[in-house]
Each structure stands twice: as structure tokens, then as C-alpha cells.
Amino acid sequence: MPKKSIENTALRLKAILEILAAHDPSEHGKTSRAEVLRQALEQVPLEEAETALLASGVARGERALVTASTKLVKAGWILKEGRAGWSITGAGRAALAEFPAVEQLQAALHGSRQTIEAVTVSEAQGEAVLEEALVSAEVTPPAAQPHGSHPEENYEGPSFPQPGSVAVPGTFGAVLGGDDWDPGADSVQLGFDRSDELWKLTVDLPPGNYEYKAALNGTWAENYGTCAHFDGANYGFQHAGGPVTFLYDHATHLVVTKPDSV
């Protein structure tokens with residue numbers, strides 16, 4: 001990710017904290033994800049290079065912001081509670097007061113007093129890894145590990161909270177031996193890959209046109225459709241037959257299929 005885009009993302013992260021801090025705590029203290037992102041992007045608009053659409057239909061700059069916002073969760077500065085919305089914590093309010101400059105805030109997110117320029121390389125590398133995993137034309141997912149199991153002695157868990165399960169129920173459920181649109185069917189459950197913190201599933205499907213959504217924790221209570229919209233429209237793809245891979249990123253709530261969704 002270009003240095004300018006990283007700086008813009010840092011400005012938008014600060015805007016997210018300010019937006020949430022301005023929300024009246026008496027009104028449940030939460031703001032919808034869509035509203036937070038809308039206001040942040042209104043305050044720091046996308047530049048031309050950031051408006052390019054990814055395979056999911058989301059602008060590159062917006063996805064970078066949603067991905068980066070997980071750092072605010074990991075730092076304990078904000079809470080993301082699905083349907084309930086986003087809210088700022090006491091630690092988040094303290095961070096705004098202690099780190100008034102965006103460079104200070106960004107450095108604090110990385111656990112040091114480094115300037116934003118010093119973390120540009122690591123930010124770009126992390127973004128490149130996610131970009132490659134999500135939009136590469138040749139995806140061969142490694143064997144996914146069940147979320148919550150820890151066979152590696154040095155595994156410390158995901159870098160940000162993950163759901164208990166992720167499924168892709170859709171019009172192909174019956175083809176896979178279950179029921180269409182069943183979020184609890186074993187055949188549509190994705191596995192969590194610790195190497196890139198993406199949820200993945202590869203299945204064989206006959207030729208046809210299919211629709212699906214991402215459903216979390218075995219129910220429809222929290223689900224995501226096109227452009228990562230909560231309870232949004234169905235994803236759709238035209239398949240020539242054979243293996244198809246689903247990748248879900250909980251940082252952005254995006255789903256990508258290979259072959260690409262249409």
C-alpha cells in the first residue's frame with residue numbers, strides 16, 4: 001500500500017475515535033459500522049488511487065480502513081459488537097487525549113514512540129499479504145485449523161477477536177448434501193487459517209449460477225452480504241464447474257470466491 005494511503009488510513013483511524021467519542025453515551029454509546037465508516041471517509045476522502053474497486057466491490061481505501069480498525073480493537077480502544085454497532089472505551093478516550101497528533105496515535109498502536117514513517121514498511125507488507133490472499137487469481141488454501149485449537153506451542157491466538165464459526169449458506173447447500181441456506185450445515189463451514197487469519201473452504205460444485213452469504217456462529221443473527229454489508233444482498237457467482245474456494249476476512253466482513261464473484 002502506498003505511503004500516502006497509509007497516512008490517510010492513520011488519519012481515518014483517528015477520525016473513527018473522534019466520531020465515537022462524540023457520540024452521546026446516553027444513547028447506548030454505540031454507532032453503526034456503516035455510519036462510522038461513512039463519517040470517517042467523509043472527513044478524509046478517498047484519493048484516486050484508493051477508489052479502485054476490489055473483487056468484492058469495495059474500494060481499496062475503505063477496505064484498508066476496516067482492516068486497520070482491528071488495531072483499535074486489539075489496543076482496547078474501541079468495541080465492535082456486530083448488530084449493536086461500534087463504541088469507544090475509556091482507554092480509547094484516554095488515547096485521544098494523550099496522543100493528539102496522528103503520528104503519536106499511530107505509534108501508540110504499534111506499541112512504541114516511532115513516527116508514522118517508521119511503521120510504513122510493516123503496514124504495507126501486512127496489507128500486501130491480505131491483498132494477495134483475497135484477490136490472487138490462484139488460491140490454494142492450506143489445511144484450515146479449527147478455530148480455538150492450539151496445536152502449536154507458540155500460538156498465542158488470533159490478533160483480533162474471531163467468531164466461533166463462519167459458514168457460507170446458499171443455493172448450493174443441497175448439492176453438497178445438506179439444505180439450501182442452512183447456516184448450520186457442516187458442508188458449508190469454513191476453517192480458520194492462522195497463517196493469514198482468513199476463514200476458508202473449498203468445495204466441488206457443478207456448473208451453474210449460485211448465491212450465498214456469510215453467516216456467523218451457526219445462525220442468521222449476524223450475516224454479511226455483498227460489499228460486506230450487514231444483512232446485505234446475496235453474493236452471486238457463475239461457476240463453470242469444479243472446485244471453488246471461499247475466503248472470509250473477519251476484519252472486513254468481506255467474502256471472496258475463486259473463481260471471482262460476479
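Rule-based calculations on the coordinates, nothing more; no lab input. Because the structure is a prediction, the values reported are computed rather than measured. Neighbour counts are summed over all protein chains in view; Cβ atoms, including those assigned to glycine, are modelled from backbone coordinates with ideal geometry.
Observations on the model:
- Applying the criteria of a DSSP loop state and at most 13 other Cβ atoms within 10 Å to the GluC sites (Glu not before Pro) of segment 189-262 yields no site.
- Peptides ranked, highest mean first, by Cβ atoms within 10 Å: ranges 11-20, 171-180: 11-20, 171-180
- Over 30 Å apart at the Cα level, from the set 4/71; 80/213; 14/200; 14/258, are 14/200; 14/258.
- In units of the compact-protein estimate 2.2 N^0.38 Å, segment 166-258 shows a Cα radius of gyration of 0.97.
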